[in-house]
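Every number here is computed from the coordinates shown, using simple stated rules; none is lab data. For clarity, every value in this text was computed on a predicted model and none was experimentally measured. FYI the Cβ positions are ideal-geometry reconstructions off the backbone, even for glycines, and counts take in every protein chain you see.
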Amino acid sequence: MTKIRNSLAIVACKLLILAGRLMGKKGSSAPGSIAMKISPGVLRSLASQIKGDIIAVCGTNGKTTTNNMIDSLFSSAGKTVICNNYGANMLPGVACAFISRASITGKLNADCAALECDEASLRHIVKHVTPTKIVVTNLFRDQMDRYGEIESTAALLNEAFEKVPEAMLILNADDPLCAQFGKGRNAVYYGVSEDTGLHGEEAKDGRFCPKCGGELEYEYHHYSQLGKYKCIGCGFERPNPNYSATRVDISDGLKFVLSYKGSQHKLELNYRGFYNIYNIIASFAVYETAGGTIEEAKKVFDDYKPQLGRMETYKVGGKNVILNLAKNPAGFNQAIETVCADKKAKDILIVINDKPSDSTDISWMWDVEFEKLKSANLGRLVVSGLRKYDLGLRFKLCGFEGVVIEDISREALEGIISGNGEVCYILANYTALFETQKILKTMEDK
């Protein structure tokens with residue numbers, strides 16, 4: 001009877017995915033939800049057939065990029081990988097990723113799985129899928145109406161870890177909220193082990209010791225609460241990373257030295273954004289602990305293309321238009337650092353919506369260091385989205401003149417792209433990103 005229910009769930013899910021694609025949808029979540037209602041055990045049955053590692057990737061920022069890099073690393077090594085590439089990272093999306101690759105009789109031939117997992121959903125996912133490795137990228141304040149404060153998110157993750165005690169945790173050593181999970185567990189750490197001189201915004205979230213509540217002292221910090229920290233009160237401190245980046249240079253792409261197991265390797269990659277160093281090291285840590293080599297990984301990193309909205313470049317009218325997802329203060333501040341590091345003259349569009357998928361609470365906008373854009377060799381600045389007037393006020397109060405407020409449309413994008421800047425940057429939160437991308441695809445040079 002169980003096999004029949006599983007088959008019915010798989011067939012229903014596959015048909016719904018097909019119907020969704022015919023209607024222009026990705027069909028990466030809702031069909032999985034229906035399948036789980038038909039057969040609650042279908043995901044457990046399929047996940048049990050994975051031959052090797054099941055890797056879960058969670059954290060506030062960087063989990064999509066890190067997860068997709070892991071997928072690329074294992075796929076390039078000839079492995080068959082189950083991956084929810086489109087970022088449907090709650091239980092139905094994970095179910096959909098497995099079902100889409102299964103036969104209608106419930107058979108699955110796969111070597112491993114790379115699963116992006118929502119931080120609040122991981123505790124539900126591990127009831128059906130047992131990860132062998134769990135990556136935590138970072139924890140920042142995000143979607144306050146859903147997650148609450150970051151300490152609440154940390155508690156939800158800890159609940160999930162308790163359910164899979166055998167899993168190896170791969171943790172960001174530079175984030176005290178991530179590093180705390182490693183005590184008493186099988187943990188591997190990664191981080192940037194030098195003062196990079198970037199000196200981003202001072203630690204706001206997560207600046208207090210997760211063990212005793214005392215304020216952490218920093219020898220140096222990169223951005224937000226990430227850096228080399230120590231609690232004078234109880235001795236909690238940044239662990240020494242097993243995988244470490246030094247000699248960081250972000251002036252033209254990303255250059256750094258990756259150290260692990262007594263060896264050093266220089267990487268030079270055509271990526272933007274300091275934060276991508278963390279994504280690269282985390283994904284390599286997963287790959288290396290599974291037997292992969294740095295030589296294999298370098299080839300994959302050289303060829304890797306950014307996913308939707310991760311400093312994704314479009315060519316419109318001969319000009320580069322760079323689209324980036326930024327959905328919380330830490331993400332926006334890092335995007336702004338990347339924009340400012342590009343010395344070319346530029347025009348900028350910033351789009352913020354407040355739909356349920358974005359978070360209806362956008363009070364975080366006042367913690368973004370928009371003031372730094374004054375040093376960005378800025379031409380035209382346009383704000384848009386459902387909260388365009390809030391954005392306009394925010395820029396007015398931090399001293400910007402001539403900010404243009406417009407609705408998102410092809411005409412608006414044409415206007416800003418045709419400006420005098422050599423490059424155009426678009427920073428958008430979640431639902432705004434998809435709206436903007438849809439228009440950009442109709443404008444791309446053929």
Q. Using the Cβ atoms and a cut-off under 9 Å, what net charge is assigned to the surroundings of residue 160, where Lys and Arg are +1 and Asp and Glu are -1?
A. -1
Q.
Nothing charged except the Cβ atoms of Lys and Arg (+1) and of Asp and Glu (-1): what's the magnitude of the dipole of region 363-420 about its Cα centre? Round to the nearest 20 debye.
A. 80
Q. From the backbone phi of region 439-446, what are the Karplus-calculated ³J(HN,Hα) couplings (6.51 cos²θ - 1.76 cosθ + 1.60, θ = phi - 60°) in whole Hz, Gly and Pro given as x?
A. 6, 4, 5, 7, 9, 4, 5, 8
Q) What number comes out for the charge environment of residue 420, summing +1 per Lys or Arg and -1 per Asp or Glu over other residues with Cβ under 15 Å away? A) +1
Q. Taking the alpha-carbon centroid of each part, what is the distance from region 319-393 to region 159-192 in angstrom?
A. 32
Q. What list of ³J(HN,Hα) couplings, whole Hz, do you get for region 223-239 from phi and the Karplus terms 6.51, -1.76, 1.60, once you set θ to phi - 60° and write x for glycine and proline?
A. 6, 6, 8, 7, x, 9, 10, 7, 9, 5, x, 10, x, 4, 8, 4, x
Q | For the chain, share of DSSP beta bridges that run antiparallel, in % to the nearest 5 | A | 35
Q) Tell me, 365, 23 in order of fewest to most beta-carbon neighbours within 10 Å? A) 23, 365
Q: Only loop residues by DSSP count here, and only those with at most 15 other Cβ atoms within 10 Å; note down the trypsin sites (Lys or Arg not before Pro) in region 239-310 that meet that.
A: 261
Q | Built amide H within the under 5 Å cut-off of residue 220, gap 5+ | A | 228
Q.
Output wanted: per-residue J couplings in Hz (rounded whole) for region 426-435, from phi through Karplus 6.51 cos²θ - 1.76 cosθ + 1.60, θ = phi - 60°, x for Gly and Pro.
A. 10, 10, 9, 8, 3, 5, 5, 4, 5, 4
**Q.** Selection of GluC sites (Glu not before Pro), region 314-373, meeting DSSP coil and at most 16 other Cβ within 10 Å
**A.** 369
Q: Please report 424, 96 as a ranked list, fewest other C-beta atoms within 10 angstrom at the top and most at the bottom.
A: 424, 96
Q. Taking only DSSP H segments of four or more residues, each worth -39500 (n - 2.57), what value at 222 nm results for the chain once the sum is divided by all its residues, to the nearest 500 deg cm²/dmol?
A. -10500 deg cm²/dmol
Q: Would you mind ranking 222, 124 by Cβ crowding within 10 Å, fewest neighbours first?
A: 124, 222
**Q.** Cα-centred dipole magnitude for the chain, charges only on beta-carbon of K, R (+1) and D, E (-1), debye, nearest 20
**A.** 1720
Q.
Run through region 66-141 and list the trypsin sites (Lys or Arg not before Pro) located in a DSSP loop whose Cβ has at most 11 other Cβ atoms within 10 Å.
A. 107
**Q.** Antiparallel DSSP beta bridges within region 44-303, percent to nearest 5
**A.** 45
**Q.** Listed residues 301, 216, 236: farthest to the positive end of the dipole of region 44-303 (Cβ charges)
**A.** 301
(Q) Just to be sure I understand, if you calculate semi-axes √(5λ) of the Cα gyration tensor in Å for this structure, which of (1) 34, 28, 21; (2) 40, 33, 22; (3) 54, 28, 19 do you get? (A) (1)
(Q) Skipping prolines and chain starts, which residues have an amide H placed within reach, meaning under 5 Å, of the one on residue 320, given they are 5 or more residues away or on another chain? (A) 424
